[in-house]
Amino acid sequence: MHIGGLLKYSLIDYPPHISCVIFTAGCNFRCPYCHNPELAVTGPDTRHLSRDEIMDFLVSRQKYLDGVVISGGEPTLHPDLGGFCADLQSMGFLVKLDTNGSRPEVIQDLVENRLVDYLAMDIKTDPELYNQYIAHQADAAALRSSVQIILESGLAHEFRTTCVSPLTTRETVKAMAELVTGADLHAFQHVQNKKVLNPNFFTGQKRVPSDAQIDEFQTIMAGYVKKAIIR
Ligand code: SF4
């Protein structure tokens, strides 16, 4: 597993738990607004932390951290993810996985073997529009499958959407809401567009929905899930 970053302490990534966040490097999507470009596309600016370094850190924080968040990049691309999760759980940590949902077979394996305690999946837009905005080879059926696995997992979970035009509109929110019907939680997130993967996407374009629009998105979503929030 290529680990490209570590946030040593967080109160907001796995609430109500105190956690650290491990960032895996490499992603199969190319979200134009991605604010971790050096993790999404590996290159000279991508860090390389050894597994030993990470394990030494975790041993030193075992008493102080409740959980570990594995984020990215896209963690499910790494074949040793399951083993890593098992190691974390055996150390007494709760494990939260952040995923883009592109690899349902990996999520299924983690669920079946109870190797994660919390699943958070991005829903970036209507699955049928991923090819246009997120990745040329995106598989809408795989995304839908991941959602179903998570909904039926019996594990705590959330779905989240970064609000950016034209991926997040009244119409796409309706499609996303139908997809995640019955979910524990859905969160809309404000886009952070200071450092992004594709700055040209924002140049001369109004990409950031207004607060009133995001409120409307939340109201639509609230009709489909147990709890809908804005972060
Ligand atoms: S925001 Fe998109 S490109 Fe960036 S890491 Fe997540 S899925 Fe990959």
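Structural remarks
- Restricting attention to the range 28-66, the residues that are surrounded by fewer than 21 Cβ atoms within 10 Å (Cβ to Cβ) and either more than 16 Å from the ligand (Cβ to nearest atom) or aliphatic (A, V, I, L, M) (or both) total 20.
- Filter result for Asp211 (over 12 Å from Tyr33 (Cα atoms) and in contact with a Lys or Arg (Cβ under 8 Å, 6 or more places away or on another chain)): no
- Any hit, the range 47-70, residues being acidic (Asp, Glu), free of Cβ contacts under 8 Å to residues at least 12 places away in the same chain, under 26 Å from Leu185 (Cβ atoms) and not in a loop (DSSP other than H, G, I, E, B): no
- Residue check, Gly82 in contact with a Cys (Cβ under 8 Å, 6 or more places away or on another chain), among the small types (Gly, Ala, Ser) and within 20 Å of Asp52 (Cα to Cα): no
- Candidate set: the range 30-46, residues that are assigned to a loop (DSSP other than H, G, I, E, B) and among the charged types (D, E, K, R); chosen: the one nearest to Thr168 (Cα to Cα): Arg30
- Qualifying residue in the range 222-230 (condition: over 16 Å from the mean Cα position of the chain (by Cα), at pLDDT 95 or above and farther than 25 Å from Val111 by Cβ): yes
- Check on Ala25, among the hydrophobic types (A, V, I, L, M, F, W, C), within 11 Å of the ligand (Cβ to nearest atom), closer than 24 Å to His157 by Cα and touching a residue at least 60 places away in the same chain (Cβ under 8 Å): no
- The residue list Ala183, Ala175, Ala142 contains one member that is under 23 Å from Leu39 (Cα atoms) and surrounded by 14 or more Cβ atoms within 10 Å (Cβ to Cβ), which is Ala142.
- Residue identified as surrounded by fewer than 19 Cβ atoms within 10 Å (Cβ to Cβ) and either free of Cβ contacts under 8 Å to residues at least 24 places away in the same chain or touching a strand residue (DSSP E or B) at 6+ places or on another chain (Cβ under 6 Å) (or both) among Leu94, Leu88: Leu94
- Within the range 186-200, the presence of a residue that is without any contact (Cβ under 8 Å) to a residue 40 or more places away in the chain and in a loop (DSSP other than H, G, I, E, B) is excluded.
- Being at pLDDT 95 or above and either of a type outside the set (Phe, Trp, Tyr) or at positive phi (or both) is a description that applies to Asp13.
The values are calculated or read from the model by the stated rules, or taken from the named source; none is laboratory data. Fair warning: this is a prediction, and the values are worked out from it, not measured in the lab. Please note: Cβ atoms are built from the backbone with ideal geometry, for glycine as well, and neighbour counts cover all protein chains shown.
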